[in-house]
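Written out below as structure tokens is the structure these notes cover.
A short reminder: the numbers here are calculations on the coordinates, not readings from a lab. Source: prediction; values computed, not measured. All Cβ positions, even for glycine, are placed from backbone atoms using ideal geometry, and neighbour counts span all protein chains on display.
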């Protein structure tokens, strides 16, 4: 019931405040992939009523993927590396025992190569890229590769990219929190400002020959600025714990998107179109033959494409209250309500540097118009050559959209504490996520220009959820055993889903979705001194009940209607052990296994994007002083080196081929810590 509106709860992270006692911490780590990390902090008093804390950290690591750079000009043979630094300062002013002001400022910067993708499933035309790459008259080299050949081995971690892959991220912010104990109530005010900027470039077709490219410059920049103010007043009056508050935020999002045809686009699309009707070998010169332009003259590299820019603003106001009333000994009723007002505007500007001339040449070609519109050849020529990226009917278009909406959300919970060690509860809540606008090109299936008609109304509706939960929490066996269990049911309306089709991003609304299941967790301080065990398991059946208008975006051959990234079963088990060798030396060990059953990583539920069940094993061994003044540890993550698809997606402009971003491989290293 505080801060920005949300539909599924929040995670509140509270960092350690500056101390009035001087202290220093430092940590150095080294690991495989040439990982180097160092961070340190210092805290202490600056005067009788002032304390401060400063933290700085740095990490540099080689990439997890090897890159075949194909025909270039990419000169980096690795990607998915790490190169970042961050710093954070806190200033605490305590003029009285009842008043404090905490000011926090932070700054982070990344200059990394991210992210590469590997092939997980070949499409029917994947060999065309390799054929194109190995024909010298077309600029290739005999025996060159542009994509992997079957059988595919995605977890060999070898990707293809002829264009550079990079991202530059700058993130900074400042906040001020005032806490004032007024006696009957406590006043809290949090004022914050944040600015995040990303400039990213990529080989957007993830191959060693140029189909399309996204250069790393201001044409591909996203900047997000947010200013917010939150005020809360909380207190206790007899059996009532009460809280009232208000929240305001102002956001400005600027997004630039520049994607162009690369040097092989003409030849590749012509080869695919001709191969689709059985031409063997493929006619790579089909488009030059239709348009009369030389290779690269119909879709001009670095010119044909889109240079769109978007500007969105959002202002949100909210007023909320949350009350807990003690009905009787151990019996509490909690009720809260929140009103949220959201106003958004979005300006979209669609720019085609060549006016969509490449598509225009295809549309006016007598040879293309003589083809049967239902033939695969025609469909590929115009499906790729007149895709949203090259659609001439977007050229020069601009729109201004706005929405205003209000929402009332709330919660009711009844809890009963049988004793200090046992309580149960039942709760209901509803949540809300504001509607918005799809900041990308989207076409309408019908209109004056047929399937090429731009859809300039990109608004999508608000998302809401009704949540029910019943549970029990307990501490047993002289408080050495914790057992918690719950049952829940969440019913979503207009669930917002962002889908990539292989050519464009589309935000759609799933009309009805339900997630229901059970959770159980336990922790046990065993009779064996120093040994603790813990674990938890969740069963979650998250199913689409009504696709609404989003149905055409989902795979017709999907295995089920379970939402992506929603395993039926997930769980974790862990053990930790501490042994004291002497008053000055202590041994520590911990090991954990996290498990997920299979789930789909593609928003369209294509069976080719399925991630099988897996477990991730991590461990840490260390020795050090019992008071933590020094520690030396060896550690490992994903020790079994499980291969995991983070996200699988339709390879851009590569029919029925699936690519994926991979999870981290096995990593291990040594960490040294000290504090005083």
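Under the definition of Cα pairs under 8 Å and six or more residues apart, what whole-number percent is the relative contact order of the chain?
Relative CO of the chain lands at 10 percent.
Take every pair of alpha-carbon atoms less than 8 Å apart whose residues are at least six positions apart; their mean separation over the length of the range 68-118 yields a relative contact order of 41 percent. With respect to the chain, whose longest principal axis is taken over its alpha-carbon atoms, helix 265-275 is tilted by about 70°.
Compute the Cα gyration tensor for the range 410-469, then decide on rounded, prolate or oblate, letting a ≥ b ≥ c be the square roots of its eigenvalues: rounded whenever a/c is under 1.5, prolate when a/b is larger than b/c in the other cases, and oblate in all that remain. Judged from the Cα gyration tensor, the range 410-469 comes out prolate (a/c at least 1.5, a/b above b/c).
Here the spin labels are modelled as points 7 Å beyond Cα on the Cα-Cβ line, and at residue 187 and residue 516 they lie 4.8 nm apart.
Extension gain for residue 656-residue 561 works out to 32.1 nm (0.36 nm per residue, less the C-alpha to C-alpha distance). Sketch the reach of a paramagnetic label on residue 66 as a point 7 Å from Cα along Cα-to-Cβ, and name the residues of the range 196-239 whose backbone nitrogen lies under 20 Å away. Counting only backbone N, you get 206-209. Once C-alpha pairs closer than 8 Å and six or more residues apart are averaged by separation and normalised to the residue number of the range 463-676, the relative contact order reads 14 percent. Label positions at residue 254 and residue 408, each projected 7 Å from the Cα along the C-beta direction, are separated by 4.0 nm.
Fully extending the segment from residue 244 to residue 333 would add 30.4 nm, taking 0.36 nm per residue of separation and subtracting the current Cα-Cα distance. Using alpha-carbon positions, what is the distance between the centroids of the range 533-547 and the range 314-349, in Å? Rounded to whole Å, the Cα centres lie 26 Å apart. Please state, rounded to one decimal and in Å, the Kirkwood hydrodynamic radius that the range 403-554 gives when every pair of distinct Cα atoms enters the mean of 1/r. It works out to 19.2 Å. Put a dot 7 Å past the Cα of residue 280, heading toward its Cβ, do the same for residue 397, and the two dots end up 4.1 nm apart. Rounded to two decimals, the Cα radius of gyration of the range 463-676 over 2.2 N^0.38 Å is 1.31.
How high is the FRET efficiency between residue 417 and residue 545 when r is their beta carbon distance and R₀ equals 35 Å, given to the nearest 0.05? Rounded to the nearest 0.05, the efficiency is 0.45. Counting other Cβ atoms within 10 Å as a rough exposure proxy, the listed residues 489, 203, 521 run 489, 521, 203 from fewest neighbours to most.
When log10 I(q)/I(0) by the Debye sum over Cα atoms at q = 0.05 Å⁻¹ is calculated for this entry, the matching label among [x] -0.44; [y] -0.50; [z] -0.30 is [z]. Extension gain for residue 580-residue 672 works out to 31.2 nm (0.36 nm per residue, less the C-alpha to C-alpha distance). Working note: Cα atoms of the range 587-640, range along each principal axis, descending, whole Å: 52, 17, 13. The C-alpha atoms of the chain define a longest principal axis, and helix 376-385 lies at about 60 degrees to it. Here is how the number arises for the chain: DSSP H runs of 4 or more residues each give -39500 (n - 2.57), the sum is divided by the residue count, and the result at 222 nm is -2000 deg cm²/dmol.
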